[in-house]
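A short write-up of the structure that comes next.
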Amino acid sequence: MAQQLRVLVIPFDKFQFECNMTTSEIALYNELSGADQVYDVYTQALLEAINESSDSLSIYEMDENSLNLIRRQLPRVYKREPISHNGVDIEAYAKSGDLKKLLENMGADYLMVISRYKIMGKIITARGSWSSSAGFINWSIHQVDYEIFNAEGDLVALADRFTIRPRNPRNETYTTQGTLTEDLWIGMLKLGLDIEQKLLKYQKKGKVVYKSKIK
């Protein structure tokens, strides 16, 4: 039986969502009724994919009020150890015992904080059947930063700019700039595998894991 890795997730908020286009554009491509829905739709797609990526990985979520309360206690910081990355200052929250209590109440072993979701534009060559006078179309890659802590507040795993690549453009999607959540699914599943592998390696080695073997 696979070892269960129970992870409570604090997802990114709208201030940690960076993109080179407007959320109105992303909402239009994904057929959402409003730009404000983009954050929730991307968050749920990401958490769903992580949860389904492995039988051993279980993702736990909190309601919005609880999330906002905890976010206020985890100030965002830029860290240089063990590598440069975006993260949170968890020291005071862990020392107070609140982190351990939170994980116990939620039935989780680890706290994962997604500190940034970034969409970066890229230009790719257009197929002849696609209408593009310049011969190129706008596309994107997506990057996720995260940290994972144990109940004592020790950093056990992290990712700096884990890259999620959308499916290659097709006749029906080449105008969407690589922002359809359905086209990000495989890349999001790989993020879940990255988390699983790092946690298993941490449990074996007892040292923070930041290098990824996922391609």
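The values are calculated or read from the model by the stated rules, or taken from the named source; none is laboratory data. Remember, it's a predicted structure, so these values are computed and weren't measured experimentally. Every residue, glycine as well, gets a Cβ built from its backbone with ideal geometry; the counts of neighbours run over all protein chains shown.
Brief remarks on what is shown
- Residue in the range 86-98 that is on the phi < 0 side of the Ramachandran plot, surrounded by 15 or more Cβ atoms within 10 Å (Cβ to Cβ), modelled with pLDDT under 95 and part of a strand (DSSP E or B) present: yes
- Taken together, the residues in the range 164-186 that are surrounded by 13 or more Cβ atoms within 10 Å (Cβ to Cβ), within 24 Å of S54 (Cα to Cα) and of a type outside the set (V, I, T) amount to 7.
- Flag if K118 is surrounded by 17 or more Cβ atoms within 10 Å (Cβ to Cβ) and touching a strand residue (DSSP E or B) at 6+ places or on another chain (Cβ under 6 Å): yes
- The numbered conditions (1) more than 20 Å from L57 (Cβ to Cβ); (2) in contact (Cβ under 8 Å) with a residue 40 or more places away in the chain are all true for E172 except (2).
- Per-region count, the range 14-27, residues surrounded by 14 or more Cβ atoms within 10 Å (Cβ to Cβ) and without any contact (Cβ under 8 Å) to a residue 60 or more places away in the chain: 2
- Among the residues listed as D194, D183, D160, the single one being touching a Lys or Arg at 6+ places or on another chain (Cβ under 7 Å) and of a type outside the set (V, I, T): D183
- Residue that is nearest to M112 (Cα to Cα) [pool: residues in the range 176-215 that are in a loop (DSSP other than H, G, I, E, B) and among the aliphatic types (A, V, I, L, M)]: V208
- Close pairs from the range 47-76: first closer than 14 Å to V88 by Cβ and free of Cβ contacts under 8 Å to residues at least 40 places away in the same chain, partner part of a loop (DSSP other than H, G, I, E, B) and not β-branched (V, I, T), Cβ under 6 Å, at least 6 apart: P75/D89
- Here the range 28-44 is the region considered, the condition is being out of contact with any helix residue (DSSP H, G or I) (no Cβ under 7 Å at 6 or more places or on another chain) and hydroxyl-bearing (S, T, Y), and the residue that is surrounded by the fewest Cβ atoms within 10 Å (Cβ to Cβ) is S33.
- Residue pairs meeting the criteria (Cβ under 9 Å; at least 6 apart or on separate chains; first over 30 Å from L199 (Cβ atoms) and part of a strand (DSSP E or B), in the range 125-149; second modelled with pLDDT of 80 or more and among the basic types (K, R)): N138/K122; W139/K122
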